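Notes follow once the structure below has been shown.
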Amino acid sequence: MKFYDDLFDTCHKYGIESVITLSHFEMPFNLAKNYGSFTNHKVIDFFVRFAEVCFKRYKNKVKYWMTFNKIDNHSAFNNDFLMATNSGILFKDGMTDHDKEAAMYQAGHYELVASALAVKIGHKINPNFQIGCMINYSPVRPLTPSSDDVLLADKWEQRRDWFSDVHVFGEYTNAVEAYIERNGYRPDITDEDRIVLKEGTVDYVGFSYYQTTTVTTKLLQFQAKKLSLMT
């Protein structure tokens, strides 16, 4: 960790305030291959231990922290590349989208619990810490003012926002709870987890803005019609 010792000392020397992300697309391969990354509850403990080491070592050098980088990338659960880079989740060949989404919700929950535990520990180590979350802010807007397009855009926004909602408010929205139940997903979410999420909310929200996207049901209707003509 000497590299970071020297880095932070140099930043301080030149009046640079560091903002440190604990996990930024670098899940150790051993944890991905042999533990299943954050689909495995044990990885929560590994992350929290790592966070505690960082907090203690740099409690007088770093004030601003973020737990996970762009956790809302999980919403693209059917993109194997994003799931691998974001959380080290390596899907097996032949997995259905249903199984991938189920794994995504489990991993997302465990990451949120790990984040909340890290926030709690960090504030005990240094009450002046500001510990936030990080999201990929890419708004989705309706292409037309039609109610169908507005509802479709809202659904896309909900898919991404549920992660930051839990970070900030410490609980799942009714819409997310209903979606999980309606689709038959059974993530391991305990009463203790819910308490931790409530007690470990973030101090701020960081984001990266890439682009704004528009959606329309007309394209979906066109694709459905095209598919029916091909089959």
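The values are calculated or read from the model by the stated rules, or taken from the named source; none is laboratory data. What you are looking at is a predicted structure, and each value in this text was computed from that prediction instead of being measured. Ideal geometry is used to build each Cβ from the backbone, glycine not excepted, and the neighbour counts take in all protein chains shown.
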Subject >> Filtered residues of segment 2-25 (kept if of a type in the set (F, W, Y) and under 22 Å from F68 (Cβ atoms)) >> reply: F3, Y4, F8, F25
Original post:
If F81 passes every condition in (1) surrounded by fewer than 14 Cβ atoms within 10 Å (Cβ to Cβ); (2) modelled with pLDDT of 90 or more; (3) out of contact with any helix residue (DSSP H, G or I) (no Cβ under 8 Å at 6 or more places or on another chain); (4) not in a loop (DSSP other than H, G, I, E, B) but one, which one does it miss?
Top reply: (2)
Subject >> All positions within segment 84-119 that are of a type in the set (S, T, N, Q) and in a helix (DSSP H, G or I) >> reply: T85, N86, S87, Q106, S115
Original post:
Of E52, E26, which residue is more than 21 Å from D161 (Cα to Cα) and more than 16 Å from the chain's Cα centre (by Cα)?
Top reply: E52
**OP:** Collect the residues in segment 27-59 that are surrounded by 15 or more Cβ atoms within 10 Å (Cβ to Cβ), touching a residue at least 60 places away in the same chain (Cβ under 8 Å) and assigned to a helix (DSSP H, G or I), keeping them in residue-number order.
**Re:** S37, F38, T39, V43, I44, F47, V48, A51, E52, F55
**OP:** Within segment 118-137, track down each residue that is surrounded by fewer than 22 Cβ atoms within 10 Å (Cβ to Cβ), over 14 Å from N69 (Cα atoms) and touching a residue at least 24 places away in the same chain (Cβ under 8 Å).
**Re:** K120, I121, I125, N126, N128, F129, Q130
Original post:
Quick one: N128 ticks every box in (1) in contact with a Phe, Trp or Tyr (Cβ under 9 Å, 6 or more places away or on another chain); (2) of a type outside the set (A, V, I, L, M, F, W, C); (3) within 22 Å of D203 (Cβ to Cβ) bar one, so which box is it?
Top reply: (1)
**OP:** Considering each of E181, E177, E192 in turn, give the residue that is charged (D, E, K, R), in a helix (DSSP H, G or I), more than 16 Å from the chain's Cα centre (by Cα) and surrounded by 13 or more Cβ atoms within 10 Å (Cβ to Cβ).
**Re:** E177
**OP:** Kindly indicate the residue of segment 91-109 that is within 21 Å of L22 (Cα to Cα) and in contact with an Asp or Glu (Cβ under 8 Å, 6 or more places away or on another chain) and also surrounded by the most Cβ atoms within 10 Å (Cβ to Cβ) among those meeting that condition.
**Re:** H109
Subject >> Filter result (loosely packed, with under 15 Cβ neighbours inside 10 Å and touching a Lys or Arg at 6+ places or on another chain (Cβ under 8 Å)) within segment 60-78 >> reply: N78
**OP:** Among what's in segment 60-78 and is assigned to a loop (DSSP other than H, G, I, E, B) and of a type in the set (S, T, N, Q), pick the residue that is modelled with the lowest pLDDT.
**Re:** N78
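Of all residues in segment 120-147, how many are small (G, A, S) and part of a strand (DSSP E or B)? First the steps, then the outcome.
Applying the first criterion (small (G, A, S)) to segment 120-147 yields 122, 132, 138, 146-147.
Cutting the leftovers down to part of a strand (DSSP E or B) gives us 132.
Going through segment 120-147 one residue at a time, the tally reaches 1.
Could you check how many residues of segment 1-17 are outside any helix (DSSP H, G or I) and at pLDDT 95 or above? Spell out the reasoning first.
Within segment 1-17, the first condition is being outside any helix (DSSP H, G or I), and the residues that meet it are 1, 14-17.
With at pLDDT 95 or above added as a condition, the list becomes 14-17.
Residues meeting the conditions: 4.
Can you pull out the residues in segment 168-198 that are of a type in the set (D, E) and within 11 Å of V113 (Cβ to Cβ)? Step through it out loud before you land on a result.
Our first condition is that a residue be of a type in the set (D, E); within segment 168-198, this holds for 171, 177, 181, 188, 191-193.
Answer for segment 168-198, where residues must be of a type in the set (D, E) and within 11 Å of V113 (Cβ to Cβ): D188, E192, D193.
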Original post:
Within segment 138-161, can you find the residues that are free of Cβ contacts under 8 Å to residues at least 24 places away in the same chain and buried (at least 18 other Cβ atoms within 10 Å of the Cβ)?
Top reply: none
Original post:
For D203, are the conditions met, namely being among the charged types (D, E, K, R), surrounded by 14 or more Cβ atoms within 10 Å (Cβ to Cβ) and closer than 28 Å to A114 by Cα?
Top reply: yes
